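Everything below concerns the one structure shown next.
All of the numbers you see were taken from the coordinates with simple rules; none came from a lab. Keep in mind the model is a prediction, meaning the values are calculated, not measured. Here the Cβ is made from the backbone with ideal geometry for all residues, glycine too, and neighbour counts use every protein chain on show.
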Amino acid sequence: MDLDQSIRLSAFNWLGEQTKIHGDVLPRTLLEEGFIFQGQRIHLISAQGIFKPKILDLPLTITTSPKGPYEDSFSADGFLLYKYRGTDADHRDNIGLRKALVKGAPLIYFHGIVPGKYLAVWPIYIIGDDPRTLTFKIAVDDIQIMHNNLEALSSVAEDNSGRRAYITAAVKVRLHQRGFREKVMNAYKTQCALCRLKHDELLDAAHIIPDNEPDSTPTVDNGIALCKLHHAALDSFILGISPDYIIHVREDVLHESDGPMLQHGLKELHSKRIILPSSQPLWPKQEYLDRRYQKFRAVYSG
């Protein structure tokens, strides 16, 4: 195995370890620091979107900004799209990705979710180059096919458009899910809007209009940061939130007596106002709250 392949596989293995610790949305500071390979530090991200460590001849990672339009990141056939650096097709970074296309070199993709946080996806392959639109087309493949050896690395570089299309489609779903969660958590300062619990691992980004309904949107105004208890209570209509942002606990629950969790975790929330994001445009949309609240009222009155 040559140096290039060894570094790429080491980067993949390191990312696998980090996502076990942090999840697949990683902080920029961690990626900037990178990892040590044979006594040399390998950084994974820089100010440029297309990044090549000095030790390599080809780029290792590509990065998108959190401010970029989400839908522009996918082609009509479902593959990822990545814009050239600038408008010069012959810029060295664009030439680097073109060489990666020719050689079938695997790379890493960091999709900006919110400032300072990136969804890590690997291995990816450059499968198309369109100078007319200044865009590369990218497919995601299965890391499990790589068994940390040269033969596996070579086999994954062979074209398998069906498999790659399927895996890339799954990544699109992950981008929706992680993007929604991170944006909602960022708006609510990573705390439950009802009880102020701040442990990220115990928090959910709850949809007001459920995501299985056709007009549900993955936008912050259709979400609320809730701890797992209050998310379950909202979904089971034990509590509801009216369009004026007031919490309502179902009357039969208010008359129950079942220990301190019920008393402090639910009953004491009745008639209180939820905690709202500091930016008013990020507040839950009242139209969405009313629609959800009417369902709660139907259960409440039933």
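Here are the numbers for the structure shown:
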read-out	value
Prolate/oblate/rounded label for segment 190-302 (Cα gyration tensor, a/c 1.5)	oblate
Whole-number percent relative contact order across the chain, with pairs defined as alpha carbons under 8 Å at least 6 apart	12
Shape call, segment 155-246: gyration tensor on alpha carbons, a/c limit 1.5	prolate
Total formal charge among the other residues, if their Cβ is under 10 angstrom from that of Tyr300, Lys/Arg +1 and Asp/Glu -1	+1
Potential lengthening between His270 and Arg297 on full extension [0.36 nm per residue; Cα-Cα distance subtracted]	8.3 nm
Within segment 3-184: Cβ-based charge dipole about Cα centre, in debye rounded to nearest 20 (Lys, Arg +1; Asp, Glu -1)	440
Sequence-separation-based contact order of segment 190-301, relative, with Cα cut under 8 Å and 6+ spacing, percent	29
Spin-label model distance (nm) - Thr29 vs Arg132, 7 Å beyond Cα toward Cβ	4.6
Spin-label model distance (nm) - Ile36 vs His176, 7 Å beyond Cα toward Cβ	4.3
Backbone HN-Hα couplings from phi across segment 25-38 [Karplus 6.51/-1.76/1.60, Hz, Gly and Pro as x]	9, 10, x, 4, 4, 5, 6, 5, 6, x, 9, 9, 10, 6
Ranked Ile167, Ile55, criterion: other C-beta atoms within 10 Å, fewest first	Ile55, Ile167
Cα gyration tensor category, rounded, prolate or oblate, for segment 3-184 with a/c compared to 1.5	rounded
